[in-house]
Every structure is written in C-alpha cells, then in structure tokens.
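The values are calculated or read from the model by the stated rules, or taken from the named source; none is laboratory data. From a predicted model like this one, the values you see are computed outputs, not experimental measurements. Backbone-built Cβ (ideal geometry, glycine too); neighbour counts: all protein chains shown. Heads up: the accessible areas ignore ligands, DNA and RNA and are worked out on the full protein's heavy atoms, side chains in. Shrake-Rupley method; radii C 1.70, N 1.55, O 1.52, S 1.80 Å.
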Amino acid sequence: MTDTRLTSGFGRRWVESLSATFRDRTDVLADLDRRSGDGDFGTNIATAMRRAQANIEGEAPQDYTGWLTAVSRGFLGTGGTSGPLFGMFFRDLARCAEGSEPTLAELSAGLSAGLATVQRYGKAEVGHKTMVDALGPAARTLESLVATETAPAEALAATARAAVDGALSTAEMRAKRGRASYVGDVARGVLDPGAAAAALVLQSAAAAVDAAPAALDTAWLG
C-alpha cells in the first residue's frame, strides 16, 4: 500500500493549500515572532510564498517535484534564519519522488531527509523550541505508519497531528536555539513560530490527499 503513488495532483494541491494557509495566517505567525523573536517571520513567510508563486507562473510545474521545487526556491531566496532552512527542507521533499507523485514511503524518506538537513544546519534537537519540535515527531510518526502499511490519508492525518502536538509543546519551553533563545523566559507561553509553520506545512500535506482539500483547522494557533 505504501508503494502506491499518492493521487495525481497531490503536489499541486499541497502547495496551493499551503499558500492559502500561510496567506491567511501571516499575521498570526508574525505576532508569535514579535512575542518571542524579532518579528520578521510573518513577512519572510509571505515573501517566500510570493516568490514561489512567481516561480510557478514563470514555469508551470509539471509534477510533484516541480511544485515543491518552486516553494523551495521561494524560501531559499528569502532572508531571515528560517528562510534558508525551510528552503532546504522543501528541496529534500522535492527530491524524494521518482515518479510524477511520491509514494507514501518516498514522502516519509523526504520528510526524514528534510528534518536531518534542518538539524544539520540549525544545530537543533527536539526540546530546543524550534521547527524541529514539530518536524521530529511528524517524521517518526510517518516512518512508523509506513512500516505498518497504513493508508495514506490516515497516515498523513496522524503525521499532521503529531506535528501540531509538537508545535503546541513549544509554548512552555525555554528556547535553546533561534531568536527566541535571546529573550529567555520572555518567550515562555508563546508557540515557536517556526514549529507552528512546520505544523501548517504537514496539515496542508494531509489535506492534499483529498481531490478537494478542506480548509485546515488552525484553531490550535490561538
């Protein structure tokens, strides 16, 4: 079952859902960053997605790899600490598929590779109050469900829930990496914006399994 490719258009639906979600939640992400960092995260996310859209309009993607590569390049051309990290993360996801759409096993491998890249360059572990707190549990969850040949919709929904739970756990952490580490206990009680954004990425992936993705439930952002 995990060798079956995700349905045609998965990559396009993922990117379109993610673009709409980030566009609607830019202010929320910016507010989280103002309360725990330097306040530019929302602007950087919006800029990255505008660059991604320009890439898509300049050269229409033909498959999953093309859609995810457009997003990767959007982030790689954006400033801030998280821009390049998200860019490399999406680049690993883009490279995971050998066909027009990934299998669930390929997507799991891409997610794990993206996590490893983020950790290699960001020097962060789970518990440091960064995007890794959402990506780590998500990658482990998807890997375990691929091993048990869980259906894609169920597996990606569980992966998204693990990412959201991981993002929520950052609220009570004292940051050890990233901008929030400069403000110490001031950031306690605030979700890490990078972890929140990473959870939105995986919620969008789960929604994209359906031919007509539903709007995401982002009430957990507060």
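Overview of values
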| read-out | value |
| --- | --- |
| Check: the stretch 31-87 dipole with +1 on Lys, Arg Cβ and -1 on Asp, Glu Cβ, in debye | 80 debye |
| Rounded to the nearest 20 debye, dipole of the stretch 4-142 from Cβ charges on Lys, Arg, Asp, Glu | 160 debye |
| Residue-normalised accessible area of the chain, expressed per residue, 1.4 Å probe, Å² | 43 Å² |
| Normalised contact order of the stretch 6-71, rounded percent, pairs of Cα under 8 Å and 6 or more residues apart | 38 percent |
| Ranked by how many other beta carbons lie within 10 Å on average, peptides 57-65, 35-43 from highest | 35-43, 57-65 |
| Sulfur and carbon atoms: percent of accessible area, the chain [1.4 Å] | 49 percent |
| Radius ratio Rg over Rh of the chain, counting only Cα atoms, Kirkwood formula for Rh | 0.94 |
| Top positive-direction residue, dipole computed over the stretch 1-149 with Cβ charges, set Gly83, Leu111, Ala139 | Gly83 |
| Cα gyration tensor shape of the stretch 102-144, rounded if a/c is under 1.5, else prolate or oblate by comparing a/b with b/c | oblate |
